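Here the structure comes first, spelled out in structure tokens, and everything after it is commentary.
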Amino acid sequence: MQSSWRALAFGVAVVLVAVLGADIERLSAQASDPRIGTWKLNVAKSKYSPGPPPKSQTLTVEPSGQGEKVTSEVVNADGTSTTTQYTANFDGKDYPLTGSAIADMVSLKRIDARTTERTDKKGGTVAQTIRRVVSADGKTMNVTVKGKNALGQAMSNVVVFEKQ
């Protein structure tokens, strides 16, 4: 009887190590993701084509599963506010994007530790692609946006964010 209890205890320990080890590895990867945190737009260092640029933008990036949850709060050039949000994994699959006039779905891919790509779609058609690169020191993030704006005009923006 004692050996079966030992076998059961050993089995439970093995399962716990496997489960907790996977969670620790996932949490460690998220903790080292340089995009996690709050970012503020540096309008002066950014280039918008066509303009005008927004008055301000704050991105909040949180770890979520094998990906991220992002909330973007923008004060547009005309003073109106827009909030967009998504939660998505870095697996290339489509996930809902709310609050955007440009897109209704988002998919993510991780290129390397500091670079990610996002594809926004509206009704299944690609609306814009976004490449995000965090600097080696983790203090700035350059975002290149290509596609169409809400008015259907071709756009090519290079946006600079600073970590708060």
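Remarks
- By definition, a body whose alpha carbon gyration tensor gives a ≥ b ≥ c is rounded when a/c is under 1.5, and the stretch 53-164 falls into this rounded group.
- Note on ASP137 and ALA150: their simple-model spin labels are 3.5 nm apart, each label 7 Å out from Cα toward Cβ.
- In this calculation the C-beta distance from THR38 to ASP112 is compared with R0 = 22 Å, giving a FRET efficiency of 0.45.
- For a straight C-alpha distance cut-off of 16 angstrom, the lysines reachable from LYS40 (same-chain residues fewer than eight places away being disregarded) are LYS55, LYS139, LYS163.
- Residue-normalised accessible area of the stretch 75-129, given per residue in Å² at a 1.4 Å probe: 53
- Cross-link partners of LYS122 among aspartates and glutamates (Cα-Cα below 16 Å; sequence separation of 8 or more within a chain): ASP94, ASP104
- Using the Cβ-Cβ distance between LYS47 and LYS93 with R0 set to 30 Å, the FRET efficiency works out to roughly 0.45.
- Candidate cross-link partners of LYS121 among the lysines, defined by an alpha-carbon separation under 19 Å and a same-chain spacing of 8 or more, comprise LYS69, LYS93, LYS109, LYS146, LYS148.
- Separation of alpha-carbon centers, the stretch 96-164 and the stretch 62-93, rounded to whole Å: 10
The values are calculated or read from the model by the stated rules, or taken from the named source; none is laboratory data. Only a predicted model underlies this, so the values are computations on that prediction, with no experimental measurement involved. Cβ: placed from backbone, ideal geometry, glycine included. Neighbour counts: every protein chain shown. Ligands, DNA and RNA are excluded from the accessible area calculation, which covers all protein heavy atoms including side chains. Shrake-Rupley method; radii C 1.70, N 1.55, O 1.52, S 1.80 Å.
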